[in-house]
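Pasting a structure here, questions to come.
The values are calculated or read from the model by the stated rules, or taken from the named source; none is laboratory data. Source: prediction; values computed, not measured. Please note: Cβ atoms are built from the backbone with ideal geometry, for glycine as well, and neighbour counts cover all protein chains shown.
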Amino acid sequence: MIISFSGPSGIGKGFIKEQLLRLYPHIKELVWYTTRSLRPDEQDGNRVQVSLSEFNQLVELDMLALVQDLFGHRYGLKKEDLVMSSGIQLTELHPVNLVEALKINPMIFAIGLVTFDLSLLHKRLSIVRKTESEAEIEKRVTKAKSEIDTILQHRSLYASVIEITEVEEDQVFNNVHAILQLQIKPKGGEK
């Protein structure tokens, strides 16, 4: 089973994945290939950095799915990982890619994360994450509006769409965990 989180940069997808992986050590994360330099929290194998020529060769060999160009970098998942998932795996899917991903694997359990307070995203990117320049943050926050609109337009593809506000942001993980408790079981099947 694949569990996917969709939402704009800074919404908290990575934080939620970290917490789930810590709580359920038997869960794995799908590995994305990217031409972007890896962030400090991506050094554990959830991303593989490749050169642009290596990435393009994987595309030509039809080995990658959900290939996307975002913020000057390329991203893609190995097709075989998206189709054949043993156990429970987590990933982030760009809202536009969810439609394509569901064609490849209709069993993806998707959760959308949205906010109508774009200043919350700006704060998270500039104060919490601190991995992008101010210009990059502005690009990501500007893009967030269309990503949120896409999630809301395709709400039926998601098991749940959670709105995040600054007041309730501490409860987001608990809300996601409550939704996933029926989907995720500890190794061995006991709860």
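So in the range 33-43, with the set limited to residues that are in contact with a strand residue (DSSP E or B) (Cβ under 7 Å, 6 or more places away or on another chain) and at pLDDT below 90, which one is nearest to VAL172 (Cα to Cα)? Full working, then the answer.
Restricting attention to the range 33-43, the residues satisfying the condition of being in contact with a strand residue (DSSP E or B) (Cβ under 7 Å, 6 or more places away or on another chain) are 33-38.
Checking which are at pLDDT below 90 leaves us with 37-38.
Numbers: SER37: 28, LEU38: 26 Å.
Of everything passing the filter in the range 33-43, LEU38 is nearest to VAL172 (Cα to Cα).
When the range 124-144 is examined, which residues are found to be free of Cβ contacts under 8 Å to residues at least 60 places away in the same chain and among the basic types (Lys, Arg)?
Within the range 124-144, LYS130 is the sole residue that qualifies.
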